[in-house]
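Step one of this worksheet: look at the structure below.
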Amino acid sequence: MKDEPAKEASDVRPARLSAEQIAANFSDMHPPLTPSEAIIDADRCYFCYDAPCTRACPTGIDIPGFIQKIRSGNLKGSAHTILSENIMGGMCARVCPTEVLCEEACVRNTHEDRPVRIGLLQRYATDAVFEARTPLFARAAATGKRIAIVGGGPAGLSCAHRLAMLGHDAVVFEPKAKLGGLNEYGIAAYKTPDDFAGREVEFILGIGGIEVRNGVALGRDVTLKTLRSEYDAVFLGFGLAGVNGLGLADEKLEGVVDAVDYIAQLRQAPDKSRLPVGRRVIVIGGGMTAIDIAVQSRALGADEVTIVYRRGQEQMNASRYEQEFAQTRGVNVRTWSAPRKLSGAGGRVRAVEFEHTRLSADGKLTGTGQTYALEADVVFKAIGQNVLWERLADTAEIVALSKERIAVDAERKTSLAGVWAGGDCVAGGDDLTVSAVQDGKVAALSIDRFLKGGA
Ligand SMILES: Cc1cc2nc3c(=O)[nH]c(=O)nc-3n(C[C@H](O)[C@H](O)[C@H](O)COP(=O)(O)OP(=O)(O)OC[C@H]3O[C@@H](n4cnc5c(N)ncnc54)[C@H](O)[C@@H]3O)c2cc1C
Ligand code: SF4
């Protein structure tokens, strides 16, 4: 049974809203706590023994410890507690899905009560040291060892900073003009306004001992073999540069866009009102990227934004909180629908045909045969990313992979002696900023043991 909508002319243009409206729509998603709000929230903490919130934090921050320091007015000490475990504690305070990590685990998170606002308290403490530009970490005596860090995202920078603290020299190879990885080019603009990503990078580099080589890509300008021979150790943190395709004909139609590419453009745009925006936007996917592109399209003035996901809401990678956030921003969510055909006119996408889906008796996702079509001016693909191995052939040939990502052990060692890896490019992770930071830290500690002859 087909339900074909009437075709309207394609409508993609900039300035759908005034610059003021756009600025308001992209303002801080969670405004910071005031000093009195911070004290009230800190007072709600029970300072639990073997705190479940700390166990739920991928970087193991001593959460009751930093909250206690906020209570006693010691913001520098509080930030030190946070940043000693997670050097990107400022960014993570803004972007961590706390509702499924520390705050979900908080013992105050009951039907009658609400969790301690750990994310906002973390931001309160770390913002204070960022604003005061307080240096918190010093380098140990120089060891004379040099480590190559491939990729200047959260994993690479966390590794570089910890190595620098331990007295080693880190050389970061980064193809892009700016460091920060997806913190700079991917995270939704309303989560990290006012160039927080750039300021955090500056803070991290401030320790010294980290050399940055921009414009250099592994596989293009340098090989893993060379890095292994020229450095005492190598850390691979090159993330996921590839985007999964829909596997449909006509994916090259104008208006069918990779969500991460558009988000990168949006994050770097000096004037967001100049970005072309569709009136009717379809987002295909069910994770954080899908939510982010949908909400940001609405914030730029798209009239109708619909996320279409092939399974149910329960199976979406985006948390329930994020789904509800998108819905409160006017995003529609359609589930149990898989894209089957893109249709266009004059080389531009005009509509997407979807087939309803269901789970078969053996639990497999299957089409029901019933289709429907939605008109679209822009279709965003947000169905996941992958490592662009075709650009990293020299690495893929020598390092062991698991499910198309790098296989690592608990210390983030790869199959190659002297090579560690972490962040999104390794297998078994959860593709979160905080986990990439943890990988970088764990790898740095392991590299340090190795260089000192203990591993
Ligand atoms: C749109 C989007 C929104 C997200 N939102 C959130 C969020 O709100 N909260 C959250 O916790 N997580 C979020 N994530 C996930 C999070 O951003 C990642 O898990 C995290 O950035 C991974 O860090 P990384 O260092 O492994 O990789 P990246 O951040 O991708 O950094 C990798 C770096 O390596 C560089 N590189 C790539 N190829 C090469 C090469 N060949 N040689 C050298 N360097 C190379 C890249 O340019 C980049 O700087 C989001 C992801 C996306 C895509
Ligand atoms: S679980 Fe909640 S109450 Fe207990 S220490 Fe953590 S933040 Fe405080």
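The values are calculated or read from the model by the stated rules, or taken from the named source; none is laboratory data. If you're wondering where the values come from, they're calculated on a predicted model, not measured in any experiment. Neighbour counts are summed over all protein chains in view; Cβ atoms, including those assigned to glycine, are modelled from backbone coordinates with ideal geometry. Just the protein is used for accessible areas: all its heavy atoms, side chains included, with ligands, DNA and RNA removed. Shrake-Rupley method; radii C 1.70, N 1.55, O 1.52, S 1.80 Å.
Rounded to a whole number, what % of the accessible area of the chain do carbon and sulfur atoms account for, probe 1.4 Å?
49
Pull up all non-local amide H partners of residue 27: gap of 5 or more, or a different chain, and H-to-H distance under 5 Å with H placed in the peptide plane.
HN-HN under 5 Å from residue 27: empty list.
Report the normalised scattering of the stretch 182-260 as log10 I(q)/I(0) at q = 0.24 Å⁻¹, calculated by the Debye formula with identical scatterers on the alpha carbons.
So the normalised log intensities are -1.22.
Have a look at the DSSP beta bridges in the chain and tell me what percent are antiparallel, nearest 5.
40
Tell me what the chain gives for mean residue ellipticity at 222 nm when only DSSP H runs of n ≥ 4 count, each as -39,500 (n - 2.57), the sum divided by the residue total, rounded to 500 deg cm²/dmol.
Helix-only estimate at 222 nm: -9500 deg cm²/dmol.
Could you provide, to the nearest whole Å², the per residue accessible area of the chain with probe 1.4 Å?
The answer is 44 Å² per residue.
Using the beta-carbon distance between residue 358 and residue 325 and R0 = 25 Å, what value does 1/(1 + (r/R0)^6) give for FRET efficiency, to the nearest 0.05? Present the calculation step by step, with values, prior to reporting the outcome.
Numbers: r = 27 Å, r/R0 = 1.10.
Once rounded, the FRET efficiency stands at 0.35.
Where does the stretch 6-97 land on Rg/Rh, using Cα atoms and the Kirkwood Rh?
Looking at the stretch 6-97, the ratio lands at 1.23.
Return one quarter of the surface area of the convex hull spanned by the alpha-carbon atoms of the chain, equal to its mean projected area, in nm².
So the Cα hull casts an average projection of 24.1 nm².
Ranked highest first by average number of other Cβ atoms within 10 Å, how do 237-246, 221-230 line up?
So the order, starting with the most tightly packed, is 237-246, 221-230.
Quote the relative contact order of the chain in percent (integer), defining contacts as alpha-carbon pairs under 8 Å separated by 6+ residues.
Computed over the chain, the figure is 19 percent.
Out of residues 5 or more away from residue 340 or on other chains, whose amide H comes under 5 Å of its own, with H placed 1.01 Å from N in the peptide plane?
When sequence neighbours closer than 5 places are left aside, the close amide H contacts are 353, 354, 355.
Within a Cβ distance under 10 Å of residue 214, other residues only, what is the Lys/Arg minus Asp/Glu net charge?
Overall, the nearby charge balance is +2.
Label points 7 Å out from Cα along the Cβ direction at residue 430 and residue 71: separation in nm?
Placing both labels 7 Å along Cα→Cβ, they lie 2.7 nm apart.
What FRET efficiency comes out for the pair residue 249/residue 389, r = Cβ-Cβ distance, R0 = 22 Å, nearest 0.05?
Efficiency, rounded to the nearest 0.05: 0.35.
If you count, for each residue, the other Cβ atoms within 10 Å and average over each peptide, how do 378-388, 424-434 line up from highest to lowest?
The most tightly packed comes first, giving 378-388, 424-434.
Determine the distance separating the Cα centre of the stretch 64-136 from the Cα centre of the stretch 174-252; give it in Å without decimals.
26
Please list 3J(HN,Hα) in residue order for the stretch 237-244, calculated via the Karplus relation 6.51 cos²θ - 1.76 cosθ + 1.60 where θ = phi - 60°; whole Hz, with x for glycine and proline.
x, 8, x, 10, 8, x, 10, 5
Can you work out the Karplus-derived ³J(HN,Hα) for every residue in the stretch 307-316? Use 6.51 cos²θ - 1.76 cosθ + 1.60 with θ = phi - 60°, whole Hz, and x for glycine or proline.
Those phi angles translate into 8, 10, 10, 6, 10, x, 4, 4, 8, 5 Hz.
For residue 24 and residue 130 in the same chain, what is the full-extension length gain: residue separation times 0.36 nm, less their Cα-Cα distance, in nm?
Numbers: separation 106, 0.36 × 106 = 38.16 nm, distance 2.41 nm.
Extra length available between residue 24 and residue 130 comes to 35.8 nm.
What Kirkwood radius, in Å to one decimal, follows from the Cα pairs of the stretch 81-181?
Evaluated on the stretch 81-181, it is 15.6 Å.
Using 0.36 nm times the number of residues separating residue 303 and residue 107, minus their current alpha carbon distance, what extension gain do you get?
66.5 nm
When all alpha-carbon pairs of the stretch 234-376 are counted, what percent fall beyond 26 Å?
27
Going by average Cβ density within 10 Å per residue, which order do the peptides 297-303, 190-196, 437-443 take, highest to lowest?
Numbers: 297-303: 22.0, 190-196: 16.4, 437-443: 27.4.
Ranked from most to least packed, the peptides come out as 437-443, 297-303, 190-196.
Please report the equivalent ellipsoid semi-axes of the stretch 334-455, computed as sqrt(5 x eigenvalue) of the Cα gyration tensor, largest first, in whole Å. If you can, show how the numbers build up before the last one.
Details: eigenvalues 363, 60, 37 Å².
Working through the eigenvalues yields semi-axes of 43, 17, 14 Å.
Determine ³J(HN,Hα), in whole Hz, for all residues of the stretch 17-30 in sequence, where each value follows from phi through the Karplus function 6.51 cos²θ - 1.76 cosθ + 1.60 and θ = phi - 60°; x replaces Gly and Pro.
10, 6, 4, 5, 5, 5, 4, 5, 5, 9, 6, 2, 5, 10
How many nm separate the modelled label positions at residue 220 and residue 264, each set 7 Å beyond the Cα in the direction of the Cβ?
Going by the 7 Å Cα→Cβ label model, 0.9 nm.
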